[in-house]
Number of protein chains: 2
Amino acid sequence: MRISKLVGERLKDNVNGVNVKSHNFLLRAGYLKQVCNGIFSMLTPAQLVNLKIQKIIREEMNAVGGQEVLFPVVMPRELWEKSGRYSSIGAEMVRFKDRNDHDMLLGMTHEEAAVHLCQNTIKSYDQLPFMIYQIQTKFRDEARPRAGLIRVREFTMKDAYSFHYDKEELKQYYQKVYDSYNRIFKRIGMKNFIAVKSDTGMMGGDIAHEFMLLTDIGEDSIVLCQKCGYKANMEVATSIDEKPKFEDEKLEEVYTGNAKTIEEVCALLKIKPVQTIKAVCYAMVGDDKNTAVVFLRGDKEVNEAKLKRILGKDVAVKDLDETGLVKGNIGCLNLNIPNVITLFDNSLADMKGMVTGSNKEGYHTKGVNIARDLGKVDFYDICKVNEGDKCPICGAPLEIKRGIEIGNIFQLGTKYTKAMDMTITMPDGSNINPLMACYGIGVGRALASVAEEWCDEKGLVWPMSIAPWQIYFCPLRLDDSEVNKKAEEINNSLEKAFEVLYDDRIVSAGIKLTDSELMGIPIRVLISPRSLANDEAELTIRRTGEKIMVKLENLISSLKSIINKEMEALS
Amino acid sequence: MRISKLVGERLKDNVNGVNVKSHNFLLRAGYLKQVCNGIFSMLTPAQLVNLKIQKIIREEMNAVGGQEVLFPVVMPRELWEKSGRYSSIGAEMVRFKDRNDHDMLLGMTHEEAAVHLCQNTIKSYDQLPFMIYQIQTKFRDEARPRAGLIRVREFTMKDAYSFHYDKEELKQYYQKVYDSYNRIFKRIGMKNFIAVKSDTGMMGGDIAHEFMLLTDIGEDSIVLCQKCGYKANMEVATSIDEKPKFEDEKLEEVYTGNAKTIEEVCALLKIKPVQTIKAVCYAMVGDDKNTAVVFLRGDKEVNEAKLKRILGKDVAVKDLDETGLVKGNIGCLNLNIPNVITLFDNSLADMKGMVTGSNKEGYHTKGVNIARDLGKVDFYDICKVNEGDKCPICGAPLEIKRGIEIGNIFQLGTKYTKAMDMTITMPDGSNINPLMACYGIGVGRALASVAEEWCDEKGLVWPMSIAPWQIYFCPLRLDDSEVNKKAEEINNSLEKAFEVLYDDRIVSAGIKLTDSELMGIPIRVLISPRSLANDEAELTIRRTGEKIMVKLENLISSLKSIINKEMEALS
């Protein structure tokens, strides 16, 4: 490929308003062009990376027996009504009417389509396990697209669905795909990634894992124990709560005036947040009548993912007007207000000497003894893990890191096969709903994640396995006819052996060198009048900056050995 | 791949209500499953064919310098308003509102996106010509999906867009892609296809060609001259009109009572349709006020594609109530009715002694001399070519055949670059809008077209180049442990060298042989206790039915040579 014909330009300056490194470089180096919020066109360099990632994914999916299929993007309402998701999924799913006024949708995931494809054709337990997968465009109307390809509305995704006749067999197959995912991410060049337990969210099911690339730009919080290796997404992470002991006192109402927040109340009463009872109020989607009030210790925060699972409903911040709740003075004693559902976090169990709101303007109540004053209530795990909390497995202090979700795998159980009435016959003649698991990887997000992890101050740095081209051929002084002739010759022989981007422009050496670094091609082959005088070319490894002079007669063989070494560095 | 794990079943019987061979076999052989009208899931065998077709398309596009990109499926209204197509395209384009109430659409083609991608980054004439292409899902809300994958609502398409600085350079590049298309269709195994001149339709522009596979199930009519090679889609085909001469008479009104159609009037007056003037009335989209009345000779039919081009508007059959037009008696003389636009077809020019309606109930007028009675009117080419009409080039009689449009290429001119204000600088410093051309191939339709052309009474017959697997390995009597052991061994060695579908089922020979033929895999390798006794396998070529016995020790080499021969048969 000649760079003079390559569509897309290289920009000297950082892009205004873009504060994610990979996004900035992908825009600057001519990989992406934004069409509108969360929707991009991919230029050739990005599409070449895309195709290489897809090839690696295909190889690994096929290696665990995956069968590639293709589901439609547009599906009819009926298919999604069977699983109940037509109504349970909100605005992120696009719905429209076709020309015959029929309700249609853009598939954001394909569990329903997978069951539809297999049911009636898979009839017997001995056809299981199997996995079908596709690589297809998906559209999810994200509320907050961000960070370039990291969170978009339209993206290419590999989604896979496996079917199983019992839990043990599901578990074994799930582990195979888990291992396969580790190989995929390693092969495409990711370094600092881990798998963590995660929430099953809109997929349903019991057990799920997310593969996370650890990076400061990540949107997810991951809880890690360096000692025993415990790791989980914040949404499901737990910890051992060390409960401080306060003196048992009798209840006493105190005037706290305008002190409303935990901080203000603590300052006034000269106590720490850990001695207070925090109240957080939520509206529940699909329930306009009631308000959910979560009580938890003042040093904790509500984990909304956990709350959703407990309530079985989506939640949103509640406007307290007209609820009868006294903002800033809500308390867990004598809360005699209709249409309020109260929930208590584990952090409150057995606490004594605590401070809570008095449910009247300007007053708090001291000396709350949970067991004595509340009587029998249920406690739930509703709070987030704090940095330094004790590991639930080994008790060591937990760390919290940021991560990008680069893949996820779910054990779905029979949610979809039951809803859609797919059955298989077992050896004893009985009919059961098969178990399912599903497995996703976003191709564009993988591209951006690798770009984020590998880039340096000069630009992108592609791992050899997914680089758009292996070699950036960079002759200087193409206005010199001798160089020009030699360059064409060398380019011809390079192109026979490798993927080459040929910088055939007559521009300054500075522009050429800068562009080669910005675009992140793994090996630069430079010739100039001076190098040609010695029959040499200068090779530069983008990843390490290492420079090697090679005789032109050894050029091809040297490049082959460097490429092999760069590939080995990934395995 | 083991057939026991392959998702999808083979059906013994034809599928009810399906009357297109390829569609029937693709359903019966486990390639497709319908999700709803015009929307299908592709099972693994179909997806493997799909991927092979895509690979061939990529190779040929890259060979003419194509750069693969990826445009979004979902685009914002603004992009399509620039070209005017947001309003000019009808119900086949899906429009919806996103979560922020923004108007979005599903792209049915990507001229706007292509200009958006290139503008501002392509600035100078010396960056041209270039071509960008993508392989992407498209959704078109077809009114009448039919024939399985031949006409669907959702499909995978390769669409390409080239940019040019002048007409000559455009013409040269267009020819390169024209040749490339011929290679693609040949490589994927199409036999009886031709390129014909065609209508530019919603794309706009001047010159266009369609690649047509000639087959009776085609929806398009193609006009062909066997003598000089003239060929054109009916929508644009012309012919030399041989005008019969009738005696010049004076005008005479005759009572024709209930005779309304051309046939009834001819029977009553004892004349042939060629002596009558037919009137056909159309409503025009975007113009509720007027009616277009086309007058043409009674032996001709209106070519609506031509009419649309003349009017610059889409047309539909008109309900004559309240127009003042007298159904069955509309005539070209004294048609003094407001809000009527009249158009005259070339077939009427210079005709004498003709019969037309009298614009009053029950009467027709004889003796019409067009030149004498109408005065000066403009004549247009608005009629369809009839079988046997004379070739416009050489005068030989024309044939009409049916065809499936398997690809199309358009010279778009500056329609999109002008509308979107994309300019490039020429050597003399002037700025111009570059010229464009676009090029499409539907991948699924190509699959179905090849299936239609190659199948026989037993099922599908894939050409080697795009077969889902090269070899159907078919051991009989797998219940015999010796055969079973040997089969596993042979399968292992086959899989190392070829793409193999292994029929590992313990079912009757009849089922295995029938399935292998139905699925259309090019070579069947059969072993049985009897063949193993002679250390032999029986090879059957699906395309020819030829059977060859080979020694097991020569199996791999024999297969290699057969595969090479089958590939050569396509080039």
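Here the stretch B:112-196 was treated as a single set of alpha-carbon atoms; its pair distances binned every 5 Å from 0 give 3, 11, 15, 17, 19, 16, 11, 6, 2, 0 percent. Applying a DSSP loop filter and a limit of 15 other Cβ atoms within 10 Å to the trypsin sites (Lys or Arg not before Pro) in the stretch B:144-252 leaves B:K191, B:K227, B:K245, B:K250. In terms of overall dimensions, the stretch A:205-294 has a Cα radius of gyration and Dmax of 19.3, 51 angstrom.
The trypsin sites (Lys or Arg not before Pro) of the stretch A:1-61 that meet both conditions, a loop assignment by DSSP and at most 15 other Cβ atoms within 10 Å of the site Cβ, are A:K12. Under a 5 Å amide H cut-off, with hydrogens placed 1.01 Å from N, B:T291 pairs with B:V340, B:I341 among residues at least 5 apart or on other chains.
Rounded if a/c is under 1.5, else prolate if a/b is larger than b/c, else oblate: which is the stretch A:85-242, with a ≥ b ≥ c the root eigenvalues of its Cα gyration tensor? Oblate, since a/c reaches 1.5 and b/c is not below a/b. As a length-normalised measure over Cα pairs under 8 Å and 6 or more apart, the relative contact order of the stretch B:94-179 settles at 27 percent. Taking a span of 24 Å or more along the helix axis (Cα atoms) and a mean Kyte-Doolittle hydropathy of at least -1.0 as the rule, the DSSP H helices of chain A that qualify are A:44-63.
Between copies, the label points at B:S508 (set 7 angstrom from Cα along Cα-to-Cβ) are spaced 8.2 nm, reported in nanometres from shortest to longest. Using a cutoff of 8 angstrom between alpha carbon atoms and counting only pairs six or more residues apart, the relative contact order for chain B works out to 17 percent. In terms of its Cα atoms, the protein assembly as shown spans 123, 77, 77 Å along the principal axes, sorted from long to short.
A Förster radius of 60 Å, combined with the Cβ-Cβ distance separating A:N16 from B:D206, puts the computed FRET efficiency at roughly 0.90. Of all chain B residues, the one whose Cβ lies closest to the rotation axis that maps B onto A, given with that distance rounded to whole Å, is B:F96, 2. Where q = 0.10, 0.12 Å⁻¹, what log10 of I(q)/I(0) comes from the Debye formula for chain A, counting one point per Cα? So the normalised log intensities are -0.97, -1.19.
Run down the lysines and flag those whose C-alpha is under 20 Å from the C-alpha of B:K313, throwing out any fewer than 8 positions away in its chain. Cross-link targets: B:K82, B:K289, B:K384, B:K415.
Sorting B:L539, A:L251, A:L43 from the fewest to the most surrounding beta carbons within 10 angstrom yields A:L251, B:L539, A:L43. Placing a pseudo-label 7 Å from each Cα along the Cα-to-Cβ vector at B:A91 and A:E253 gives an inter-label distance of 6.8 nm.
Too long at a 24 Å Cα-Cα cut-off: which of B:K278/B:K318; A:K138/A:K401; B:K272/B:K366; B:K245/B:K376? Going by Cα-Cα distance, A:K138/A:K401 fall outside the 24 Å limit. Note on the stretch A:469-568: with charges restricted to the Cβ of Lys and Arg (+1) and Asp and Glu (-1), its dipole about the Cα centre is near 200 debye.
Classify the stretch A:252-380 as rounded, prolate or oblate from the Cα gyration tensor: take a ≥ b ≥ c as the square roots of its eigenvalues, call it rounded if a/c is under 1.5, otherwise prolate when a/b beats b/c and oblate if not. Here the stretch A:252-380 falls in the prolate category. Going 7 Å from Cα along the Cα-Cβ axis for the label, what nanometre distances separate A:D166 from the same residue across the other copies? Distances between equivalent label points, in nm: 7.9. Here B:S493, B:S41, A:S347, B:S558 are placed in order of increasing Cβ neighbour count within 10 Å, fewest first, which gives B:S493, B:S558, A:S347, B:S41. Taking label points 7 Å from Cα along the Cα-to-Cβ direction, B:T544 and B:D428 give a separation of 6.2 nm. Computed from the C-beta positions of A:H102 and A:R505 and an R0 of 56 Å, the FRET efficiency is 0.60 to the nearest 0.05. Assuming charge only on the beta carbon of Lys and Arg (+1) and of Asp and Glu (-1), the dipole of chain B about its Cα centre is about 560 debye to the nearest 20. By other beta-carbon atoms within 10 Å, ranking B:H110, B:H23 with the fewest at the front produces B:H23, B:H110.
Left without a cysteine partner by the 4.7 Å Cβ rule in chain A: A:C36, A:C118, A:C266, A:C281, A:C332, A:C383, A:C438, A:C455, A:C474.
Which residues in the stretch B:222-248 place their backbone N less than 20 Å from a point set 7 Å from the Cα of B:E301 along the Cα-to-Cβ direction? In the stretch B:222-248, the label zone of B:E301 (backbone N under 20 Å from the point 7 Å along Cα→Cβ) covers B:222-225, B:231-242.
For the protein assembly as shown, a simple Cβ point-charge model (Lys and Arg +1, Asp and Glu -1, everything else neutral) yields a dipole of about 740 debye relative to the Cα centre. Between copies, B:G17 shows label-point distances of 5.2 nm, shortest first, with the point placed 7 angstrom from Cα along Cα to C-beta.
Just so you know, all these numbers are worked out from the coordinates, no wet-lab data involved. Everything numeric in this text was worked out from a predicted model, so none of it was measured. Using ideal geometry, Cβ is built from the backbone for each residue, glycine included, and neighbour counts are taken over all protein chains shown.
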